Amino acid sequence: MSSIEIKPVRTAGEKRKFLTFPWKIYRDDPLWVPPLLPERKKVTDPRRGVFFDRGEAEFFLAYRDGKLAGTICAAEDPPTNQNRGKKECMFGFLEYIEDFDVFQALIDQVKNWGKERSLDSLYGPWNLDYEDSYGVLIEGRDNPPALMCGHTPPYYQEFMKRYGFQPARDQNIALRISLEDSPQIRRLIRLADRVKKQGKISIRAADFNHWQEEIDIVHMLLGKALVHLDDSIGWHREALEATLEPFKTIADPNLILFAVVEGETVGFLPGLPNLNEIFIDVNGLRYPWDYLKLIWLMKRRDPAWITAKSVLVLPEYWNRGVTVLLMEEFTNRAREQGYQWVDMSITSADNPNSVLTAEKMGAEIYKRWQVYNFPI
């Protein structure tokens, strides 16, 4: 009978094992996009990770018969729990070999961690960030994930169900839209022309020279545009800035769009080049020579996909043409720059504004993820 031991991460060497363990799980998976190791180091560093400004986290390693077999993080986010009226223990960085006993030992560890802090349920998986690579992939293993989207083996979902986890919210989805000429694209242009004749809505690009002001606007829109969703988490302003900061150097402000009505910003649609088409070949920047390969690829490979991470419209402006104008302008600009596909991820399946508009453009769902909870 195998012996399983759970150890907390205490040393730099143990942290390195924790962060690089996914390379063991996905080494034979051609669709896996390795996480950027420098960014993972920052996120999990209590001195630099923005999560630690508001919460507590601890990292654990699982060993089976003395060999590393899994990782997990347990975390408490007091401000978010307070805002949502919850007492949840977040868990994430959950990776493990295909062994249910290892999985069970990891989950039992975070349950005990949460119980010690008087928390009453597990919620995840989240990697200390409610937007980056969260959830368990339940559909769509025929394509690599787009930027900020997760990827997990099939047995992860099986083990969650076997343990007794329940869906914590509606599924999250990724949609794809071809930018080739189509009846749906032409219909979008016709609808946009009608809205433009009214002359009430204008579209502007982001102004990176006023970065902080733009983040304030996005934070406002996130707070107001998503409150209708079940289990909406909300954003902390400092977490939003930390999430957006890495993209400041790679994003084209002409593809980060805002909708304005009579001087008020009422909508937002950000587009980013899907750099996962490059990151899939740079090994997570694990070694010095990987940086040289990244530089070489950035000069020679143009992503075919652009990813739109959110479509936000204030509820009082739904069904008034804002989303139509944002999507039409975004589509035109993306096509002019040579993109072939739009990835819209990750959105909730019960978000009527984004999903309905995308479907009218001929979008299809090509990935689904599930977040779970479990009582402690």
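What the table shows:
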| quantity | calculated |
| --- | --- |
| Candidate lysines - alpha carbon under 28 Å from Lys299, same-chain residues fewer than 8 apart omitted | Lys41, Lys42, Lys248, Lys309 |
| Carbon + sulfur, % of accessible area of the chain - ligands and nucleic acids excluded, 1.4 Å | 48 |
| J(HN,Hα) series, the range 143-153, from Karplus relation 6.51 cos²θ - 1.76 cosθ + 1.60, nearest Hz, glycine and proline x | 9, x, x, 7, 3, 6, 9, x, 8, 9, x |
| Lys, Arg +1 and Asp, Glu -1 on Cβ, resulting dipole of the range 22-131 about Cα centre, debye, nearest 20 | 320 |
| Karplus-derived HN-Hα couplings along the range 54-66 (A = 6.51, B = -1.76, C = 1.60, θ = phi - 60°), whole Hz, x at Gly and Pro | 10, x, 10, 8, 9, 10, 9, 10, 10, 10, 10, 6, x |
| Global geometry of the range 95-250, whether rounded, prolate or oblate, following the gyration tensor of its Cα atoms and the 1.5 cut on a/c | prolate |
| Total charge dipole magnitude, the chain, about the Cα centre, Cβ charges on Lys, Arg, Asp, Glu only, Debye to nearest 20 | 360 |
| More than 33 angstrom apart: percent of Cα pairs within the chain | 31 |
| About the Cα centre, charge dipole magnitude for the range 239-293 (Lys/Arg +1, Asp/Glu -1 at Cβ), debye | 280 |
| Over the range 61-166, relative contact order from alpha-carbon pairs under 8 Å, at least 6 apart, % | 22 |
| Set of lysines near Lys7 by C-alpha distance (under 16 Å), chain-local residues within fewer than 8 positions excluded | Lys15, Lys17, Lys67, Lys111 |
| Relative contact order of the chain, pairs being alpha-carbon contacts under 8 Å that are 6 or more residues apart, as % | 23 |
| Scattering curve values for the range 28-187, log₁₀ I(q)/I(0), Debye with Cα scatterers, q = 0.12, 0.15, 0.18, 0.21 Å⁻¹ | -0.59, -0.89, -1.24, -1.62 |
| Approximate shape of the range 150-211 as ellipsoid semi-axes (Cα gyration tensor, √5λ), whole Å, largest first | 41, 19, 13 |
| Long-range amide H partners of Ile256 with built H, under 5 Å | Ala206, Gly271 |
| Calculated SAXS-style log₁₀ I(q)/I(0) at q = 0.26 Å⁻¹ - the range 183-262, Debye, Cα scatterers | -1.19 |
| Descending semi-axes in whole angstrom, ellipsoid equivalent of the range 271-376, from the Cα gyration tensor | 31, 22, 11 |
| In sequence order, calculated HN-Hα J values of the range 240-256 (Karplus, 6.51, -1.76, 1.60; Hz; x Gly/Pro) | 4, 4, 5, 5, 7, 3, x, 8, 4, 8, 10, 7, 9, x, 6, 10, 9 |
| Dipole of the chain, positive direction: furthest Cα of Pro125, Gln340, Thr307, with charges on the beta-carbon | Gln340 |
| Estimated [θ] at 222 nm from DSSP helical runs (n ≥ 4, -39500 (n - 2.57)) normalised by residues in the chain, nearest 500 | -10500 deg cm²/dmol |
| Prolate/oblate/rounded label for the range 1-69 (Cα gyration tensor, a/c 1.5) | oblate |
| Percent antiparallel among DSSP beta bridges (both partners in the range 67-212, rounded to 5) | 60 |
| Eligible lysines near Lys197 by straight Cα distance, threshold 25 Å, same-chain separation 8 or greater | Lys360 |
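The values are calculated or read from the model by the stated rules, or taken from the named source; none is laboratory data. Everything numeric in this text was worked out from a predicted model, so none of it was measured. Neighbour counts are summed over all protein chains in view; Cβ atoms, including those assigned to glycine, are modelled from backbone coordinates with ideal geometry. To get the accessible areas, we keep the full protein, side chains included, count just its heavy atoms, and leave off ligands, DNA and RNA. Shrake-Rupley method; radii C 1.70, N 1.55, O 1.52, S 1.80 Å.
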